[in-house]
């Protein structure tokens, strides 16, 4: 059910300008009537009133040498959504087994999270963002991407290709580092 800003103010005491800001930030659900007037979801307003909206700020970098970038992300997120829990991860965007990422997804599955805020969509996952977004929506959670700039398809594809190349080259260098150990172990078993 949706109600007018005046009805929302009468029932819950929220100023109409606050409702507009919350709707623009994705904190409450809003639709527009054919005449362009806003209508607000009663369930969204009830959640705000009861304090049951849980917003998680999620920041991730690929390596520990990027901790300065992580701090920048945290500050950026906290400036836009102050007073919310911030979960940080260090690991590849291709790795879906990151501990903190799994914790967030488990909270979403339990219905404990209403919003996940990220600076860029690739901070959550390099690939599979659409699936993660679908999963979150299925469980009543919305993903808010603060810096959601349009990239031409060829640029996005090139960035994806580079991240895959980086992932595989890292694995290759890791294997080279332990190549002698691996070969010795293979020789022992033969």
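Values in this text are rule-based calculations from the coordinates and carry no lab data. This one's a predicted model, so the numbers in the text were calculated from it and none came from an experiment. Note: ideal-geometry Cβ built from the backbone for every residue, glycine included; neighbour counts use all protein chains shown.
A few remarks follow.
- Across all directions, the average flat footprint of the convex hull enclosing the Cα atoms of the range 55-145 is 5.0 nm².
- The alpha carbons of the range 1-96 give a radius of gyration and a Dmax of 17.7, 53 Å, in that order.
- Paired Rg and Dmax values of the range 2-50, which use every Cα atom, in angstrom: 9.6, 31
- Förster radius 22 Å - calculated FRET efficiency between residue 10 and residue 32 (Cβ-Cβ, nearest 0.05): 0.60
- Highest to lowest packing among 76-88, 103-115, scored as the average C-beta count within 10 Å: 103-115, 76-88
- Extended-chain gain in nm, criterion 0.36 nm per residue less alpha-carbon gap, residue 190 and residue 21: 54.0 nm
- Approximate spin-label separation residue 178-residue 134, in nm, with each point projected 7 Å along Cα-to-Cβ: 3.5
- Both radii come from the Cα set of the chain: Rg as radius of gyration, Rh as Kirkwood radius; their ratio Rg/Rh reads 1.12.
- Estimated 222 nm signal from helices in the chain, with DSSP H stretches of n ≥ 4 weighted -39500 (n - 2.57), rounded to 500: -16500 deg cm²/dmol
- If the Kirkwood radius is taken over C-alpha pairs of the range 112-171, then at 4 °C and 1.567 mPa s the Stokes-Einstein diffusion coefficient equals 101 µm²/s.
- Among 127, 14, a tally of other beta-carbon atoms within 10 Å of each Cβ gives an order, fewest to most, of 127, 14.
- When the alpha carbon gyration tensor of the range 21-70 is reduced to an equivalent ellipsoid, the three semi-axes, largest first, read 35, 15, 6 Å.
- Rel. contact order, % - alpha carbon contacts under 8 angstrom, at least six apart, the chain: 16
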